[in-house]
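Asks: There's a structure below that I have some questions on.
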Amino acid sequence: MEHPEFLIPLNGLASGRTEFRWKAGKEFFGSFGNAEILDADLTAVVAVEKSGHDIAVDCSIEGMVTVLCDRCLDDLVLPVSVVAGLDVKYGRQPVSGSGDTEDGSEARESVYVQASEQELDMSQIIYDYVCLSLPMQRFHPEGQCNPESVARLRAGISVKGTEQVRNPFAALEGFLGDSGEQTENNN
Ligand SMILES: [Zn+2]
């Protein structure tokens, strides 16, 4: 789970702007146990601005990931373009119940690190931002699904459907029927 290339050195970071450029591929997502992302070719450009004790991190992740199409189960390449703005803060995260700036898409996320921490691991943050940017429903554009796969899946579903979908209803009806009869018998 180590991604040394995704580490921002907090100690020894020069004042001013430092830029990092990291590649995230298939292995990156695999290391998080993510089997949904079959392939990836992402570049994260991370600009770190240090001024006094303040560290601002602006991260832009561009590229593509390959997932399965929900409709035809063929490979589906999704473009990825995410930006994340982070403010690195030292100390413990305040436990104020009210969610601070939740409105406003430009809201920056605060990342809390211990004063003793030498570096900030950006891998989890990059992973989360990419995963959250992916659509819930992943389909090829209309008409671009693999027609053979769609046909095969439809056939498979209809065969299974007769057994797997109808049975629960039949069982439920039988159950309701039986319990109904039992109540009558008891009376
Ligand atoms: Zn498809």
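The values are calculated or read from the model by the stated rules, or taken from the named source; none is laboratory data. Nothing here was measured: the structure is a model prediction, and the numbers come from that model. Every residue, glycine among them, receives a Cβ derived from its backbone with ideal geometry; neighbour counts consider all protein chains shown.
Asks: Starting from residues that are at pLDDT 95 or above and among the aliphatic types (A, V, I, L, M), keep the ones in region 5-45 and report whichever is farthest from Q114 (Cα to Cα).
Replies: For region 5-45, the residue satisfying everything is L38.
Asks: State yes or no: is A115 more than 20 Å from the chain's Cα centre (by Cα), among the aliphatic types (A, V, I, L, M) and closer than 27 Å to A14 by Cα?
Replies: On the way: more than 20 Å from the chain's Cα centre (by Cα): yes; among the aliphatic types (A, V, I, L, M): yes; closer than 27 Å to A14 by Cα: yes.
Yes.
Asks: Filter region 56-90 down to residues that are in contact (Cβ under 8 Å) with a residue 60 or more places away in the chain and more than 16 Å from the ligand (Cβ to nearest atom), then give me how many there are.
Replies: 4
Asks: Name the single residue that is surrounded by the fewest Cβ atoms within 10 Å (Cβ to Cβ) among those in region 3-31 being among the basic types (K, R) and closer than 14 Å to L42 by Cα.
Replies: Among them, the one singled out is R21.
Asks: If you don't mind, there's one more thing I want to ask. Might you let me know whether region 95-113 holds any residue that is among the polar types (S, T, N, Q) and either modelled with pLDDT of 80 or more or under 23 Å from T18 (Cβ atoms) (or both)? Outline the logic, then answer.
Replies: Step one: list which residues in region 95-113 are among the polar types (S, T, N, Q), which gives 96, 98, 101, 105, 110.
Then keep just the ones that are either modelled with pLDDT of 80 or more or under 23 Å from T18 (Cβ atoms) (or both); that gives 110.
Yes, region 95-113 contains a residue that is among the polar types (S, T, N, Q) and either modelled with pLDDT of 80 or more or under 23 Å from T18 (Cβ atoms) (or both).
Asks: Can I ask one more? Check whether at least one residue in region 49-64 is touching a Cys at 6+ places or on another chain (Cβ under 9 Å), among the hydrophobic types (A, V, I, L, M, F, W, C) and in the same structural domain as W22 (by TED's automatic domain parsing), and report yes or no.
Replies: No, because not a single residue in region 49-64 is touching a Cys at 6+ places or on another chain (Cβ under 9 Å), among the hydrophobic types (A, V, I, L, M, F, W, C) and in the same structural domain as W22 (by TED's automatic domain parsing).
Asks: Contact list please: Cβ distance under 7 Å, first residue in region 110-139 and among the small types (G, A, S), second residue surrounded by 15 or more Cβ atoms within 10 Å (Cβ to Cβ), pairs at least six apart or on different chains.
Replies: Going by the 7 Å Cβ cut-off, the qualifying pairs are S110/K89; S123/H3; S123/F6; S133/V80; S133/V82.
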